[in-house]
1. Excluding LEU206 itself, calculate the net charge of residues whose Cβ lies under 15 Å from the Cβ of LEU206, where each Lys or Arg counts +1 and each Asp or Glu counts -1.
2. Among LYS55/LYS193; LYS6/LYS203; LYS51/LYS121; LYS61/LYS208, which pairs are too far apart, with a Cα-Cα distance over 23 Å?
3. Tell me the volume per residue, in Å³, of the convex hull enclosing the alpha carbons of the stretch 37-97.
4. For the stretch 49-84, run through the trypsin sites (Lys or Arg not before Pro) and keep only the ones in DSSP coil with at most 13 other Cβ atoms within 10 Å of their Cβ.
5. Based on alpha-carbon centroids, what's the gap between the stretch 93-117 and the stretch 14-86 in Å, whole number please?
6. With a sphere of radius 11 Å drawn around the Cβ of ILE160, what net charge do the other residues whose Cβ falls strictly inside it have (Lys, Arg +1; Asp, Glu -1)?
7. Give me the dipole magnitude in Debye, nearest 20, for the chain about the Cα centre, with unit charges on the beta carbon: positive for Lys and Arg, negative for Asp and Glu.
8. With both partners inside the stretch 6-239, how many of the DSSP beta bridges are antiparallel, as a percent to the nearest 5?
Amino acid sequence: MTTINKEEIQKFSKIADEWWDAKGKFKPLHVFNPIRVKYIKDKCISHFGVKSDNKPLSKLKILDIGCGGGLISEPMSRLGAEVTGMDASYKNIEVAKLHAKKNELNINYINSSPEKNDLKKKFDVVLNLEIIEHVENVDLFIKSSNKLLNENGIMFIATINRTFESYIKAIVGAEYILRWLPIGTHDWNKFLKPIEIEEQLKKIGLKKLYLDGFKFSLLTQEWKKSPDCSVNYMIVAMKC
């Protein structure tokens, strides 16, 4: 069994060279990144405590699954965490390695998927950000991710809700009208409702700590945290 969807891997591999182009095909993620980084940092500090003012995530071991070109891995490393980035696309990993080297960041990047790896250690934090809607077997993906998480560790899952509003905004709006994303980036049928993820987390012993939505303002061109989870949302769960 595998979580790798070859069509999805090929889709992102084709545009891997654009990961660090803030005005390219990954522009939406660059705009989304500040609020994602702040949210993860704040939740980690709340859960684990502050390590230092300059490096608040110091000594935390973080696994970024579906890391792409390293858009989240790099800021996590700068915040002091010991970061491992994992992606099923070889090209994504090569782009991530090169960019980290240029920025003198010590990040361990591996070309693999959570169910197929030889990692001997476990992690305090597992990040599954904007990846779960692209995998082949969601149940296996979550179970495999959980096996890499320490006791009392926390997992972040960020994805898109399966609602009429998400179809209009995330697919029709973002892909066809505004052209923020390449057409075909998302399949609405693969979007998951929060309750569907929560049920799977509960089955494997993960306790939901937070559920928060994120909304984009066309006026300010910024993302903000919101109680509205009808489109983008993030779940944080703890391994009990």
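Throughout, read-outs are computed from the coordinates displayed, never taken from laboratory work. Owing to the predicted nature of the structure, the values given are computational and were not obtained by experimental measurement. A quick note on method: Cβ atoms are made from the backbone with ideal geometry, for glycine too, and the neighbour counts reach across all protein chains shown.
1. +3
2. Details: LYS55/LYS193 35 Å; LYS6/LYS203 28 Å; LYS51/LYS121 21 Å; LYS61/LYS208 20 Å.
From LYS55/LYS193; LYS6/LYS203; LYS51/LYS121; LYS61/LYS208, over 23 Å: LYS55/LYS193; LYS6/LYS203.
3. Values: hull volume 4.2 nm³, N = 61.
Considering the Cα atoms of the stretch 37-97, their hull volume per residue is 69 Å³.
4. Working: sites: LYS51, LYS59, LYS61, ARG78; in loops: LYS51, LYS59.
Here the trypsin sites (Lys or Arg not before Pro) that fit, given the DSSP loop and packing criteria, are LYS59.
5. 13
6. Values: positive: ARG162, LYS169, LYS190, LYS193; negative: GLU130, GLU133, GLU165, ASP187.
It works out to a net charge of 0.
7. Working: 38 positive and 30 negative charges, 105 e Å.
It comes to approximately 500 debye.
8. Details: 21 of 40 bridges.
Of those bridges, close to 50 percent are antiparallel.
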